[in-house]
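Before any comments, here is the structure.
The values are calculated or read from the model by the stated rules, or taken from the named source; none is laboratory data. This one's a predicted model, so the numbers in the text were calculated from it and none came from an experiment. In this analysis, Cβ positions are derived from the backbone assuming ideal geometry, glycine residues included, and neighbour counts consider all displayed protein chains.
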Amino acid sequence: MTRSVEGSRIVETETFEAFFRREYRPVLGLAIALNRDRWAAEDVAQEAFAAAQQGWSRVGALERPGAWVRRVVANRSVSRWRRMETEARALRRMPRLENPAPDPELVAETVEVWEAVRSLPKRQAQVLALTYVEGLTTTEVGKVLGCSVATVKTHLQRGRASVARRLGVKEER
């Protein structure tokens, strides 16, 4: 912890190193859920932490710096998917190129579920990943993504229903 004086009060801020050690694994889990492969997820997570470190005087003073990093991961994942979609359209015009195989470390059911999640509109995919990978409440997800609890609940319900339909399973209530 580092201490600084703001006006007449002393503010304790966690060091970036301690924050990084505590948050890296769960943030990486979120990035893996939102991205096609572990390597891309590691890149996204590292970029988010690099941005946090660069602005640590501001980010570290936030009430929930972990939420800030998770939002960066969610946004960069969306950007990555948009780039990949553009590249995929270009690749489809080229003969005999195939999509990369899924990560062999994942079991088939997990791959199928997360492929279904990734096929959702991006905000629904983010809400499902934050809920099921991170274990965040709807209130916490709303804070990470900067939206209301009602919006989170709507995305969660619609995303779950879409995944259930795609996988041919009856959604649990």
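Each residue in segment 107-136 was checked for being surrounded by 14 or more Cβ atoms within 10 Å (Cβ to Cβ), without any contact (Cβ under 8 Å) to a residue 12 or more places away in the chain and among the acidic types (Asp, Glu), and 0 of them qualify.
Which one is modelled with the lowest pLDDT among residues in segment 1-43 that are among the β-branched types (Val, Ile, Thr) and surrounded by 14 or more Cβ atoms within 10 Å (Cβ to Cβ)? Per the criteria, the residue is Thr13. Only helices (runs of 4 or more DSSP H) whose full extent lies in segment 107-173 are considered here, and the ones with at least 1 residues that are aromatic (Phe, Trp, Tyr) are 108-118, 122-132. Within segment 137-147, being in contact with a helix residue (DSSP H, G or I) (Cβ under 6 Å, 6 or more places away or on another chain) and either among the β-branched types (Val, Ile, Thr) or free of Cβ contacts under 8 Å to residues at least 60 places away in the same chain (or both) holds for Thr138, Thr139, Val141, Gly142, Val144. Of everything in segment 65-81 that is of a type outside the set (S, T, N, Q), modelled with pLDDT under 95 and surrounded by fewer than 19 Cβ atoms within 10 Å (Cβ to Cβ), the residue that is farthest from Gly146 (Cα to Cα) is Trp81.
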